[in-house]
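**Student:** First the structure, which I've put down as structure tokens, then a few questions once you've had a look.
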Amino acid sequence: MKKRTLGHSNIEVAPLMFGGNVFGWTLDEVQSFEILDAFIAAGFDFIDTADVYSRFIPGNQGGESETVLGKWMKARGNRSKIILSTKVGMDMGEGQKGLSKACIFKAVEASLRRLQTDYIDLYQAHIDDENTPLIETLDAFDHLIKQGKVRVIGASNYTPDRLEEALKVSKDHGLPAYQSLQPLYNLYDRAAYEAGLQVVCQKHGLGVIPYFALASGFLTGKYRSAADFENSARGAFTKHYLDARGLRILAALDAVAKDKQTTPAAIALAWLMARPTITAPIASATSLTQLQGLIRATEISLDPAAIELLNQASAS
């Protein structure tokens with residue numbers, strides 16, 4: 001497996017990142033351990049989570065995913081073999097929200113405690129905080145890096161202008177710079193990234209780790225009618241994909257998957273991996289069978305004709 005460098009850092013990662021939002025949500029602790037064991041056994045090491053996962057589920061407080069990951073790494077004794085990413089900035093309640101120095105310092109200690117580790121490989125600003133000066137946020141990250149609690153930093157959900165501005169602040173003030181961007185990007189959701197963020201990432205050599213790489217499961221092909229959304233934990237995230245364009249994309253995925261003797265999900269991820277600016281798409285699995293499909297994506301080489309078919313089907 002050929003690894004890829006994350007931005008200008010010295011961190012090398014596998015071409016597929018596991019999305020940890022499922023831990024403590026659609027996977028319980030036992031199931032999470034099983035999936036994580038299989039992921040690592042297959043030679044992968046890049047895992048994404050966030051302090052807010054999964055506060056969006058009734059009854060959860062946030063921190064559930066980090067807690068499961070911490071228990072797993074402690075039980076397996078494998079922290080040094082994992083490239084661990086978590087995020088800060090979303091609303092955790094009781095005023096804990098945003099990217100002020102105080103919020104970041106409080107959040108990182110809570111994340112380290114839940115993860116049962118003394119450092120985070122990639123610490124990401126989960127969402128831009130326009131109420132906090134960029135220099136304050138970046139200065140806080142600078143302190144964490146100097147303390148050895150964070151190796152490198154990244155951004156998520158930034159606009160092109162704000163990302164460019166943040167990188168300029170880092171350069172002008174001698175502060176650590178974002179080494180990666182975590183944007184929404186997949187075969188269906190192309191416009192926002194390709195219209196502006198892609199140019200900034202190319203210009204500055206940022207690593208790109210897109211979330212919702214499978215469009216919340218839509219690109220797996222399991223949602224093809226309104227009835228398919230019933231009793232689905234992700235139904236609310238995927239219904240808007242079921243339109244003429246979405247069905248056109250599924251048809252193209254079906255055709256390429258049949259030719260490659262694999263799944264639509266594997267093809268959707270392989271398309272992302274073939275994009276010049278993408279470091280590693282983020283995807284989740286809730287079964288070993290699903291996981292094998294994701295892993296298969298890293299073994300697929302799409303020919304120009306297949307890529308063009310997918311490009312045309314997903315054109316807006």
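The values are calculated or read from the model by the stated rules, or taken from the named source; none is laboratory data. Model, not experiment: these values are computed from the prediction. Neighbour counts are summed over all protein chains in view; Cβ atoms, including those assigned to glycine, are modelled from backbone coordinates with ideal geometry.
**Student:** Which of the residues belonging to region 61-99 are crowded, with 23+ Cβ neighbours inside 10 Å and either among the aliphatic types (A, V, I, L, M) or modelled with pLDDT under 95 (or both)?
**Tutor:** V68, L69, L84, V88, L99
**Student:** Pull out all pairs, ordered by first then second residue, where Cβ-Cβ is under 6 Å, the residues are six or more apart or on different chains, the first lies in region 99-114 and is over 17 Å from L84 (Cα atoms), and the second is in a helix (DSSP H, G or I) and not aliphatic (A, V, I, L, M).
**Tutor:** L99/T137; K101/E136
**Student:** I need the full set of residues from region 37-60 which are at pLDDT 95 or above and out of contact with any Gly (no Cβ under 9 Å at 6 or more places or on another chain), in order please.
**Tutor:** The answer is D37, A38, F39, I40, A41, A42, G43, F44, D45, F46.
**Student:** Further question on the same structure: How about region 138-162: which of its residues are closer than 16 Å to G98 by Cα, touching a residue at least 40 places away in the same chain (Cβ under 8 Å) and in a helix (DSSP H, G or I)?
**Tutor:** A140
**Student:** Is it the case that some residue within region 195-210 is over 26 Å from D303 (Cβ atoms), in contact with a Ser or Thr (Cβ under 7 Å, 6 or more places away or on another chain) and either hydroxyl-bearing (S, T, Y) or in a loop (DSSP other than H, G, I, E, B) (or both)?
**Tutor:** Checked region 195-210: at least one residue is over 26 Å from D303 (Cβ atoms), in contact with a Ser or Thr (Cβ under 7 Å, 6 or more places away or on another chain) and either hydroxyl-bearing (S, T, Y) or in a loop (DSSP other than H, G, I, E, B) (or both).
**Student:** Further, regarding this structure: Just checking, does region 6-24 include any residue being modelled with pLDDT of 95 or more, outside any loop (DSSP other than H, G, I, E, B), farther than 22 Å from G207 by Cα and within 15 Å of the chain's Cα centre (by Cα)?
**Tutor:** yes
**Student:** So, one more: Please name all residue pairs, on different chains or six or more residues apart, with Cβ atoms under 7 Å, provided the first residue is in region 179-193 and is over 21 Å from G154 (Cα atoms) and the second residue is part of a loop (DSSP other than H, G, I, E, B) and at pLDDT below 95.
**Tutor:** Close Cβ pairs satisfying both conditions: A191/S316.
**Student:** Moving to a separate point now. Would you say Y158 is closer than 23 Å to D139 by Cβ and modelled with pLDDT of 95 or more?
**Tutor:** Values: closer than 23 Å to D139 by Cβ: yes; modelled with pLDDT of 95 or more: yes.
Taking the combined requirement at face value, the residue satisfies it.
**Student:** Collect the residues in region 34-51 that are within 17 Å of I209 (Cβ to Cβ) and not hydroxyl-bearing (S, T, Y), keeping them in residue-number order. Outline the logic, then answer.
**Tutor:** Here is the first cut: in region 34-51, the residues within 17 Å of I209 (Cβ to Cβ) are 39, 44-50.
Correct list: F39, F44, D45, F46, I47, D48, A50.
**Student:** Considering (1) over 24 Å from W72 (Cα atoms); (2) touching a Leu at 6+ places or on another chain (Cβ under 7 Å), say which one L115 fails and leave the rest.
**Tutor:** Among (1) over 24 Å from W72 (Cα atoms); (2) touching a Leu at 6+ places or on another chain (Cβ under 7 Å), L115 violates only (1).
**Student:** From the list T277, T289, pick out the single residue that is of a type in the set (S, T, Y) and either part of a helix (DSSP H, G or I) or touching a Lys or Arg at 6+ places or on another chain (Cβ under 9 Å) (or both). Don't jump to the end; show me each part of the working.
**Tutor:** Values: T277 fails: either part of a helix (DSSP H, G or I) or touching a Lys or Arg at 6+ places or on another chain (Cβ under 9 Å) (or both).
Step by step, each of T277, T289 is checked, and only T289 is of a type in the set (S, T, Y) and either part of a helix (DSSP H, G or I) or touching a Lys or Arg at 6+ places or on another chain (Cβ under 9 Å) (or both).
**Student:** If you scan region 22-62, which residues turn out to be over 15 Å from I83 (Cα atoms) and without any contact (Cβ under 8 Å) to a residue 12 or more places away in the chain?
**Tutor:** Those that are over 15 Å from I83 (Cα atoms) and without any contact (Cβ under 8 Å) to a residue 12 or more places away in the chain: D28, V30, F56, P58, G59.
**Student:** Further question on the same structure: I'm trying to understand the selection: among the residues of region 297-316, which are small (G, A, S) and either within 21 Å of A283 (Cα to Cα) or surrounded by 11 or more Cβ atoms within 10 Å (Cβ to Cβ) (or both)?
**Tutor:** Residues satisfying the conditions are A297, S301, A306, A313, S314.
**Student:** Could you check how many residues of region 287-296 are surrounded by 15 or more Cβ atoms within 10 Å (Cβ to Cβ), farther than 11 Å from A257 by Cβ and not polar (S, T, N, Q)?
**Tutor:** So the answer is 3.
**Student:** What are the residues in region 161-182 that are closer than 9 Å to L138 by Cβ and either touching a Cys at 6+ places or on another chain (Cβ under 7 Å) or loosely packed, with under 14 Cβ neighbours inside 10 Å (or both), if any? I'd like the intermediate steps shown before the answer.
**Tutor:** Initial filter on region 161-182 (closer than 9 Å to L138 by Cβ): 166, 169-170, 173, 175-178.
Correct list: H173 only.
**Student:** Residue under question is A280, and the condition is that it be surrounded by 21 or more Cβ atoms within 10 Å (Cβ to Cβ), touching a residue at least 60 places away in the same chain (Cβ under 8 Å), among the aliphatic types (A, V, I, L, M) and touching a strand residue (DSSP E or B) at 6+ places or on another chain (Cβ under 9 Å); does it hold? Can you show your working first?
**Tutor:** Details: surrounded by 21 or more Cβ atoms within 10 Å (Cβ to Cβ): yes; touching a residue at least 60 places away in the same chain (Cβ under 8 Å): yes; among the aliphatic types (A, V, I, L, M): yes; touching a strand residue (DSSP E or B) at 6+ places or on another chain (Cβ under 9 Å): yes.
Taking the combined requirement at face value, the residue satisfies it.
**Student:** Filter region 216-274 down to the residues that are more than 24 Å from the chain's Cα centre (by Cα) and of a type in the set (S, T, N, Q), then identify the one that is modelled with the lowest pLDDT.
**Tutor:** N231
**Student:** Applying the selection to region 302-314, what residues are of a type outside the set (D, E) and without any contact (Cβ under 8 Å) to a residue 24 or more places away in the chain?
**Tutor:** Result: P304, A305, N311.
**Student:** Here's another thing I want to ask about it. Can you name the number of the only condition in (1) in contact (Cβ under 8 Å) with a residue 40 or more places away in the chain; (2) under 19 Å from S216 (Cα atoms) that A270 fails?
**Tutor:** Against the list (1) in contact (Cβ under 8 Å) with a residue 40 or more places away in the chain; (2) under 19 Å from S216 (Cα atoms), A270 comes up short only on (1).
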